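As structure tokens, the structure follows; a few thoughts come after it.
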2 protein chains.
Amino acid sequence: MPEILPALTDRRARRSFDPRPVPRDVQETLWRAVSVAPSHGNAQPVRLLVAESPQAREALIAGLSDGNRGWAAASPLLVAIAAMPAHDAAMEGSDGSRRELWAFHAGIAAGNLMAQATALGLIAHPMAGFDEPAVRAAFSAPTDLRILTPVAIGYPGPVSALPEDLQRRETSAQERIPLDILVVTDRWTDDHGVSARELRKRTQG
Amino acid sequence: MPEILPALTDRRARRSFDPRPVPRDVQETLWRAVSVAPSHGNAQPVRLLVAESPQAREALIAGLSDGNRGWAAASPLLVAIAAMPAHDAAMEGSDGSRRELWAFHAGIAAGNLMAQATALGLIAHPMAGFDEPAVRAAFSAPTDLRILTPVAIGYPGPVSALPEDLQRRETSAQERIPLDILVVTDRWTDDHGVSARELRKRTQG
């Protein structure tokens, strides 16, 4: 089995796309990566919305936040990862707490999609900034379908094609919290509860 | 970049473990795969709880469901994927709906962990059946930490070592809904809303 850490590490949320389309067979490999994502009880709550027609594409783009609309509209392939909560389980804890699984399952599928895209030399940039009702309506989907994230997919283009502020973000280093904060061995300490945002402030301050 | 679909496809929720431990450097590769998982605004809400001491391990195993406790206790490495919702964003839709990102982000991290484990020849079997307060308490973690899934990790052992009912599940084929139900091109139809459970019933009925 080949090493896959490069495909996970090299994944970056890039914003400059080459206009050439993503071939059908490459698209299908991406969908297959989503398809094999596991879910408890094999519930498979995830659906993948693909905007192919100019109308669906335009409506999806209109549903993105102002910050995403510009660069994402230049990507040749726009999709959205969605899930049907009613298809999936909710577990109850001994304290009465509720734990729904659909968003977690959709995350696994999204992880597969991004890893597979990176391995194929593609950008797959998920976006949290969008209006859920608008993206749902772009595909005439019912309200019981939850939209987790639109994803802009395509081959990388030249960084120089981006506006200057986005150029800087495109080439900045990947920052992560240290492993000894991410990984809790045996016992939680207050250090593990420090947020990445707080850590950034400390480093910069 | 090597093909990674095999690492995604070959991932199976197996239950028979070889007793040999997972070496430290291999563990660290797994943690790095989790570390590089993306999150909106680089919020990094995910934490990885590793049960190393006999006490933490025993407490984690006690928090698993009856169906998981037996086989999972034989895995050499038990962890749990968790997240801090307070570290992460919640988005609001134009219809007032709320969309929290932490469970989705934890799913991406879990997907990375499983893909990396499979590529290293390991089983990484996530479990939905567990008591969240009990698993949280195993690590003395605060109630604002949500536990998404314990994961049993280790090298595969002989299927024959499992009880008969689990042997059958170990070798059954991977069933997935057809791609034309998973993938929605431009427009949602009623067919896309059929659950995997309902499809299984139709096939068997």
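The values are calculated or read from the model by the stated rules, or taken from the named source; none is laboratory data. Just so you know, these numbers come straight off a predicted model, no measurement behind them. So basically every Cβ, Gly included, is an ideal-geometry build from the backbone, and we count neighbours across all protein chains shown. Areas reflect the complete protein model, heavy atoms only, side chains present, ligands, DNA and RNA absent. Shrake-Rupley method; radii C 1.70, N 1.55, O 1.52, S 1.80 Å.
Rounded to the nearest 5, what is the percent of antiparallel bridges among the DSSP beta bridges in the protein assembly as shown?
Working: 44 of 50 bridges.
Of the beta bridges lying entirely in the protein assembly as shown, close to 90 percent run antiparallel.
What residue among A:Ser75, A:Ser39, A:Ser94 shows peak mean-square fluctuation when chain A is described by a Gaussian network model with Cα springs under 10 Å?
Among A:Ser75, A:Ser39, A:Ser94, the largest GNM mean-square fluctuation belongs to A:Ser94.
Across the residues of B:190-198, average count of Cβ atoms on other protein chains within 10 Å?
Numbers: counts 1, 0, 9, 8, 2, 7, 10, 6, 1.
Average per residue, whole number: 5.
If amide H atoms are built 1.01 Å from N in the plane of the peptide, which residues on other chains or at least 5 residues away come under 5 Å of the amide H of A:Leu148?
The list, which skips near neighbours in sequence, is A:Ile81, A:Ala82, A:Ala83.
What's the center-to-center distance, using Cα atoms, between region A:79-157 and region B:45-71 in Å?
Answer, in whole Å: 28.
For a quick check: with amide H placed at 1.01 Å from N, whose amide H comes under 5 Å from B:Thr185's, ignoring anything fewer than 5 positions away on the same chain?
Counting only residues 5 or more places away or on other chains, the set is A:Val50.
Hey, in the GNM for chain A with a 10 angstrom Cα cutoff, which one of A:Pro19, A:Pro156, A:Pro142 fluctuates hardest?
A:Pro142
Compute the label-point distances linking A:Ala74 to its equivalents in the other copies; points lie 7 Å from Cα along Cα→Cβ; give nm, one decimal, shortest first.
5.5
What are the ³J(HN,Hα) couplings of region B:157-162, residue after residue, when phi is run through the Karplus curve with 6.51, -1.76, 1.60 and θ = phi - 60°? Round to Hz, x for glycine and proline.
Once θ is set to phi - 60°, the couplings for region B:157-162 become x, x, 4, 5, 6, 8 Hz.
If you take each beta carbon of peptide B:76-85 and count the beta carbons of other chains within 10 angstrom, what is the mean? Intermediate results must be reported in sequence, preceding the final value.
Details: counts 0, 0, 0, 3, 1, 1, 3, 1, 5, 0.
Taking all residues of B:76-85 together, the mean is 1.
Working only with C-alpha atoms, what are the Rg and Dmax values of chain A, expressed in angstrom?
Calculated on Cα positions, Rg and Dmax stand at 18.6, 55 Å.
Shortest first and in nm with one decimal, please list how far the B:Gly41 label point sits from its counterparts in the other copies (point 7 Å along Cα→Cβ).
3.3
Using only atoms on other chains, find how many Cβ atoms lie within 10 Å of each Cβ of peptide A:168-177 and report the average. Each step should come with its number before you reach the end.
Values: counts 0, 0, 0, 0, 0, 0, 4, 2, 7, 5.
Neighbouring Cβ atoms belonging to other protein chains average 2 per residue here.
In the protein assembly as shown, what percent of the accessible surface is made up of carbon and sulfur (1.4 Å probe, ligands and nucleic acids excluded)? Don't skip to the end; give the middle numbers.
Numbers: 8570 of 17280 Å².
Of all accessible area on the protein assembly as shown, carbon and sulfur atoms account for 50 percent.
Tell me, what is a quarter of the convex hull surface for the C-alpha atoms of region B:1-48, in nm² with one decimal?
Numbers: hull surface 21.6 nm².
Mean projected area for region B:1-48: 5.4 nm², to one decimal.
For A:Asp180, which inter-copy label distances result when the label point lies 7 Å beyond Cα on the Cα-to-Cβ vector, reported in nm to one decimal and in ascending order?
Here the equivalent label points are 5.7 nm apart from this one.
Around B:Ala141, which amide H atoms from residues at least 5 apart in sequence, or from another chain, sit under 5 Å from its own amide H, with H modelled in the peptide plane?
A:Trp188
Pop out the ³J(HN,Hα) list for region A:123-139 in order, Karplus 6.51 cos²θ - 1.76 cosθ + 1.60 with θ = phi - 60°, rounded to Hz; leave Gly and Pro as x.
8, 9, 9, x, 10, 8, x, 6, 9, 4, x, 5, 5, 4, 5, 4, 10
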